[in-house]
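To keep things clear, I will list the structure first and then write my remarks on it.
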């Protein structure tokens, strides 16, 4: 048993748990998963009302970190050779900027298109207010893939940015968002990522459902 523990909630619904889990796995941290009980605060997190309630929460020895960006920075300091952020200073700043934008923005998309890995729609009418968020994600991905050559957002290897946007790939698949070939290829690659496959297997094995997230918005 390891000394590190990562507290998460639903693998099917919790985009923030997925981000924290990916960051720890990418860094190479050995940790035990702890599933948070379904109390009201975690219910709020699952219903997308807050990016940081109780999960994900990393306990690593005497260190306790409960915000996804803080987990990313802590993992970067703890495992500097893991490449969570690009080595180049300008690219690293760009990476942090889009991670921060994902962390603090896109509220309409979160509300209209909650993460639900087990569900897919053939067609889905996206709420008008969420469309600018979807277009902004496409813009970010296009800028990064064009600037750094892909296949990941910052080049040959996944970084914190890919962990932050992985749940968006899931949302786009669930709600049948049309993407140009380059962006579709990026989403497909994220779904073929062994870490993502591991998470999805866990999501598919979950018995619990939350009624509010099983309806069309």
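The values are calculated or read from the model by the stated rules, or taken from the named source; none is laboratory data. These figures come from a predicted structure and were not determined experimentally. For neighbour counting, all protein chains shown are included, and Cβ atoms are generated from backbone atoms with ideal geometry for every residue, glycine included.
Results for (1) under 24 Å from residue 200 (Cα atoms); (2) in contact with a helix residue (DSSP H, G or I) (Cβ under 7 Å, 6 or more places away or on another chain), shown as yes or no for each residue.
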position: 59; (1), (2): yes, no
position: 75; (1), (2): yes, yes
position: 81; (1), (2): no, no
position: 96; (1), (2): no, no
position: 117; (1), (2): yes, yes
position: 120; (1), (2): yes, yes
position: 125; (1), (2): no, no
position: 135; (1), (2): no, no
Does residue 146 qualify as being touching a helix residue (DSSP H, G or I) at 6+ places or on another chain (Cβ under 9 Å), loosely packed, with under 14 Cβ neighbours inside 10 Å, in a helix (DSSP H, G or I) and outside the structural domain of residue 28 (by TED's automatic domain parsing)? yes
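Table: residues versus (1) more than 17 Å from the chain's Cα centre (by Cα); (2) over 23 Å from residue 21 (Cβ atoms); (3) at pLDDT 95 or above.
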residue: 102; (1), (2), (3): no, no, yes
residue: 131; (1), (2), (3): yes, yes, yes
residue: 138; (1), (2), (3): no, yes, yes
residue: 154; (1), (2), (3): no, no, yes
residue: 160; (1), (2), (3): no, no, yes
residue: 174; (1), (2), (3): no, no, yes
residue: 178; (1), (2), (3): yes, yes, yes
residue: 186; (1), (2), (3): no, no, yes
Positions within region 1-38 being under 12 Å from the mean Cα position of the chain (by Cα), at pLDDT below 95 and closer than 17 Å to residue 163 by Cβ, in sequence order: 11, 14, 15, 16, 17
If we keep only residues of region 114-136 that are in contact (Cβ under 8 Å) with a residue 40 or more places away in the chain and surrounded by 17 or more Cβ atoms within 10 Å (Cβ to Cβ), then the residue farthest from residue 187 (Cα to Cα) is 126
Scan region 61-82 residue by residue and report those that are surrounded by 14 or more Cβ atoms within 10 Å (Cβ to Cβ), over 17 Å from the mean Cα position of the chain (by Cα) and part of a loop (DSSP other than H, G, I, E, B). 79
The condition from (1) more than 23 Å from residue 71 (Cβ to Cβ); (2) buried (at least 19 other Cβ atoms within 10 Å of the Cβ) that residue 165 misses is numbered (1)
Only one of (1) within 27 Å of residue 93 (Cα to Cα); (2) modelled with pLDDT under 95 is not met by residue 170, so which one is it? (2)
